[in-house]
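Worksheet: the structure to be examined is printed underneath.
The values are calculated or read from the model by the stated rules, or taken from the named source; none is laboratory data. Since the model is a prediction, treat every value here as computed from it, not as a measurement. Positions of Cβ are backbone-derived with ideal geometry, glycine not excepted, and every protein chain shown enters the neighbour counts.
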Amino acid sequence: MLNEIVLPNKLTYIGVFLTFRCHFNCSYCINYQGDLRIRKELMPAQWVNNLNRFYIKRDRMIPITLQGGEPSDYPGYLNVIGNLKDEFYKDEFYIDMLTNLGFDVMEFMDEIPIEKMKRDVPYASIRATFHPGKIEINEFLGKVFNLQNKGYSIESFGINHPDLFYFDILEKCRKMDVNFTMKEFFGKPKRKLYGTYKYPDGVRGKPHESHKYPDGIQSRRKKVQCKTTELLIGPNGNIHKCRRDLHYNEHPLGNILDEDLEIELGKYRKCKNFGECSYYDVRMKLDRFGEKEICPVEIRRI
């Protein structure tokens, strides 16, 4: 039997990237604003057996957030959700999902009970993002409405990208009483930086050696000390401290398949890649209670 993994109390977020594949392939996706390296994916049983080793105090209200890519593009995603510590387990997980709703919601509702993805926090457990030009408005809203009508915790979003327009869906949401929120866009289209950052000088310049980005900015990498309270788990099970390392598949803290895995968070680690950070690493966002803005990392200059 595999050892239980007690997660540190300082932990604030667990991001599980089942796959980096997505049938939409949007140019503005955060996963394509860098050198994303596709890698081998774990089998559903490997995800279930090893994530179920995690022990999280329920009063911490920390979910396992399934994402990607598009998590539903991962074969067996329903198997993973359905078999993560269930209601008969004393310390079952809270489960969230970030999705574009490009899946069969009727099958989802047949397989996943409402209670499996619900908790008492200000934001929804299923967070669905509408992508103009990739899915029809009526199809998207029909799926949102069906899930909402059945009692699932779901909210719909748009991305405030300068080239995307949401007039039609905003009007339809108003008429259907569907909650639709615009999310801040993080990135640098046409070399103009969008988004709110704690460390704007950390966002991506031109990376080292063979790593190439399209904007042609010269390297600005600096050595710093970085502290994070998030765990980001790639499709191959590697655990990373930040999105930058996740995308490159570099500097893993371990792998969930490791039998004697121990996870330590909340301490400063040396990093030589400041200036090559993912936009999401150094941005400001609401905490898991929806109460205050936080940054996923703390940076200390050397």
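Of everything listed in (1) surrounded by 19 or more Cβ atoms within 10 Å (Cβ to Cβ); (2) over 29 Å from Cys295 (Cα atoms), the single unmet condition for Asn3 is (1). Looking only at residues of the stretch 237-256 that are more than 14 Å from Leu42 (Cβ to Cβ) and in contact (Cβ under 8 Å) with a residue 60 or more places away in the chain, we find that the one that is farthest from the chain's Cα centre (by Cα) is Tyr248. Restricting the stretch 62-92 to residues that are modelled with pLDDT of 95 or more and among the acidic types (Asp, Glu) leaves a set whose member that is farthest from the chain's Cα centre (by Cα) is Asp73. Selection of strands (runs of 3 or more DSSP E) fully inside the stretch 209-302 by the criterion of at least 2 residues being over 17 Å from Ile30 (Cα atoms) and modelled with pLDDT under 95 returns 222-228, 230-233, 269-274, 297-301.
The one condition from (1) free of Cβ contacts under 8 Å to residues at least 12 places away in the same chain; (2) surrounded by fewer than 14 Cβ atoms within 10 Å (Cβ to Cβ) that Glu259 does not meet is (1). When the residues of the stretch 41-61 are filtered to those that are assigned to a loop (DSSP other than H, G, I, E, B) and modelled with pLDDT of 90 or more, which remaining residue is nearest to Glu184 (Cα to Cα)? Applying the filter and picking the extreme gives Glu41.
The set of residues in the stretch 7-40 that are in contact with a strand residue (DSSP E or B) (Cβ under 9 Å, 6 or more places away or on another chain) and either assigned to a strand (DSSP E or B) or small (Gly, Ala, Ser) (or both) comprises Tyr13, Ile14, Gly15, Val16, Phe17.
Taken over the stretch 276-302, residues that are surrounded by 20 or more Cβ atoms within 10 Å (Cβ to Cβ) and farther than 18 Å from Arg221 by Cα amount to 2. Mind listing just one residue for me: the one in the stretch 100-116 that is more than 15 Å from Asn79 (Cβ to Cβ) and free of Cβ contacts under 8 Å to residues at least 40 places away in the same chain and, of those, surrounded by the most Cβ atoms within 10 Å (Cβ to Cβ)? Looking at residues that are more than 15 Å from Asn79 (Cβ to Cβ) and free of Cβ contacts under 8 Å to residues at least 40 places away in the same chain, I get Ile114.
Among the residues making up the stretch 172-189, those that are surrounded by 15 or more Cβ atoms within 10 Å (Cβ to Cβ) and in a loop (DSSP other than H, G, I, E, B) are Val178, Phe185, Phe186, Lys188. Based on what the data block shows, is Leu66 surrounded by 21 or more Cβ atoms within 10 Å (Cβ to Cβ), touching a helix residue (DSSP H, G or I) at 6+ places or on another chain (Cβ under 9 Å), not in a helix (DSSP H, G or I) and not aromatic (Phe, Trp, Tyr)? Taking the combined requirement at face value, the residue satisfies it.
Any idea which of (1) more than 17 Å from the chain's Cα centre (by Cα); (2) surrounded by fewer than 16 Cβ atoms within 10 Å (Cβ to Cβ); (3) more than 18 Å from Leu42 (Cβ to Cβ); (4) touching a residue at least 12 places away in the same chain (Cβ under 8 Å) is the one Phe145 doesn't satisfy? If we test Phe145 against (1) more than 17 Å from the chain's Cα centre (by Cα); (2) surrounded by fewer than 16 Cβ atoms within 10 Å (Cβ to Cβ); (3) more than 18 Å from Leu42 (Cβ to Cβ); (4) touching a residue at least 12 places away in the same chain (Cβ under 8 Å), just (2) comes out false. Among the residues in the stretch 148-160, are any touching a residue at least 24 places away in the same chain (Cβ under 8 Å) and assigned to a helix (DSSP H, G or I)? Yes: one or more hits. Of the residues screened, Asn25 is not one that is in contact (Cβ under 8 Å) with a residue 12 or more places away in the chain, out of contact with any Cys (no Cβ under 9 Å at 6 or more places or on another chain) and not small (Gly, Ala, Ser).
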